1. Can you pull out every residue in region 2-39 that is modelled with pLDDT of 80 or more, of a type in the set (S, T, N, Q) and surrounded by fewer than 17 Cβ atoms within 10 Å (Cβ to Cβ)?
2. Would you confirm, using the coordinates I've provided, whether V275 is within 23 Å of the chain's Cα centre (by Cα) and either among the charged types (D, E, K, R) or outside any loop (DSSP other than H, G, I, E, B) (or both)?
3. Take region 283-339 and flag every residue that is polar (S, T, N, Q), closer than 24 Å to P264 by Cα and either modelled with pLDDT of 95 or more or not in a loop (DSSP other than H, G, I, E, B) (or both).
4. How about region 292-305: which of its residues are of a type outside the set (A, V, I, L, M) and within 14 Å of E44 (Cβ to Cβ)?
5. Taking the conditions exactly as written (at pLDDT below 90 and not in a loop (DSSP other than H, G, I, E, B)), does D94 satisfy them or not?
6. Filter region 127-176 for residues that are among the hydroxyl-bearing types (S, T, Y) and in a strand (DSSP E or B) and give the result.
7. Hey, among L57, L50, which residue is under 17 Å from the mean Cα position of the chain (by Cα) and either assigned to a helix (DSSP H, G or I) or of a type in the set (S, T, Y) (or both)?
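The values are calculated or read from the model by the stated rules, or taken from the named source; none is laboratory data. None of these values were measured; they are calculated from a predicted model. With ideal geometry, Cβ positions are generated from the backbone for all residues, glycine too; neighbour counts draw on all protein chains shown.
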Amino acid sequence: MSETVPSDQLQSDDVAAIDELRQSYEQLRTELARIIVGQDEVIEQLAICLFARGHSLLMGVPGLAKTLLVSRLAETLELSFSRIQFTPDLMPMDITGTEILQENQSGRRDFEFIKGPVFANIVLADEINRAPSKTQAAMLEAMQEHRVTIAGHSHELHPPFFVLATQNPIEQEGTYPLPEAQLDRFMFMIGVDYPDRDEEIAIARTTTGGAMPTLNHVLNGEKVQQFQELVRRVPVPEHIYHFAVDLVRRTRPDSEDAPEWLKPLVGWGAGPRAVQYLILGARARAALHGSYMVRQEDIVAVAEPVLRHRVLKTFTAESEGVTCRSIIARLVEDLSNEA
């Protein structure tokens, strides 16, 4: 398919801002590399989510430095950070905060709102599936509306606001799986895999010595918000919109667009929100790489983390050992060959 020039072109100031974003992203990666060994793809996907104003679900076994990565990301961006350890006895008010009766200087008693840990720029919801649905739901309004409501009063969350949740894929006993509606609110599901041999040697060498270094600040909250606005102005050619829509429609087994090989493997496909996140993710990735226009390769790069938790497999797929990653990879390959 030939390249289509988008109707909306970047202004000269935006071109300079994209160059600045690319340089800032390289500095961010350099700083994180002082502590985090490997995980380049994970860092890129986290950055894409951050600048696209999305939220991420990190899926990986314990001990892969997920918490360390998130806390140091907040440090380099000079953003406030909060970690919530989800447990079966965690209550919604433990996340959002609560109102308590306080006596003021005049002796009068008034209710005062005490903010919970959700009032931070970057919130790590550690092992989010360990808490009951009622507590998980306390995160929904915060993630979607960027506010919480306590006793009928709304309290705004200061931007930028970024939720990172983790799940342990190997220990599901005593957990409360996230409802599909809540899963859909996460822009990406990011798989955190084991490091390779050389990276594991480097981890052993760097983490068993002296104290961890203090990282330099690369950006601040105000600059992050400016870059978030910039990302939404990155031009998207018309054929890229078509590619994203066609890819998502092919994940739906009841759709006439779905290939025959997919229908026995997928019980439920992705919705329109997946298209939105494909475009936003592609815009953010293009800007991070210094591109002034979204390319097909940007959509391909974000397809797996966007669709991985939105494509529900059937029992047939489970019994045959077919993974969501392989289904998505085949869909992308088939569509790319046709484009």
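1. Within region 2-39, Q23, Q27, T30 meet the criteria.
2. Values: within 23 Å of the chain's Cα centre (by Cα): yes; either among the charged types (D, E, K, R) or outside any loop (DSSP other than H, G, I, E, B) (or both): yes.
So V275 fits the description; yes.
3. So in region 283-339, the residues polar (S, T, N, Q) come out as 291, 296, 314, 316, 319, 323, 326, 336-337.
Then drop every residue that is not closer than 24 Å to P264 by Cα, which leaves 314, 316, 319, 323, 326, 336-337.
If the condition is that a residue be polar (S, T, N, Q), closer than 24 Å to P264 by Cα and either modelled with pLDDT of 95 or more or not in a loop (DSSP other than H, G, I, E, B) (or both), then T316, S319, S326, S336, N337 are the ones that fit.
4. Residues of region 292-305 of a type outside the set (A, V, I, L, M): 292, 295-298, 304-305.
Of everything in region 292-305, those that are of a type outside the set (A, V, I, L, M) and within 14 Å of E44 (Cβ to Cβ) turn out to be E297, D298, E304, P305.
5. Details: at pLDDT below 90: yes; not in a loop (DSSP other than H, G, I, E, B): yes.
It is true that D94 is at pLDDT below 90 and not in a loop (DSSP other than H, G, I, E, B).
6. From region 127-176, those among the hydroxyl-bearing types (S, T, Y) are 133, 135, 149, 154, 166, 175-176; that's our starting set.
Once the filter is applied, which keeps residues that are among the hydroxyl-bearing types (S, T, Y) and in a strand (DSSP E or B), region 127-176 yields T149, S154, T166.
7. Details: L57 fails: either assigned to a helix (DSSP H, G or I) or of a type in the set (S, T, Y) (or both).
Of the residues listed, the single one that is under 17 Å from the mean Cα position of the chain (by Cα) and either assigned to a helix (DSSP H, G or I) or of a type in the set (S, T, Y) (or both) is L50.
Results for (1) more than 25 Å from A52 (Cα to Cα); (2) touching a residue at least 24 places away in the same chain (Cβ under 8 Å); (3) loosely packed, with under 12 Cβ neighbours inside 10 Å, shown as yes or no for each residue.
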residue	(1), (2), (3)
L79	no, yes, no
L101	yes, no, yes
V123	no, yes, no
A151	yes, yes, yes
E156	no, no, yes
F161	no, yes, no
T166	no, yes, no
Y176	yes, yes, no
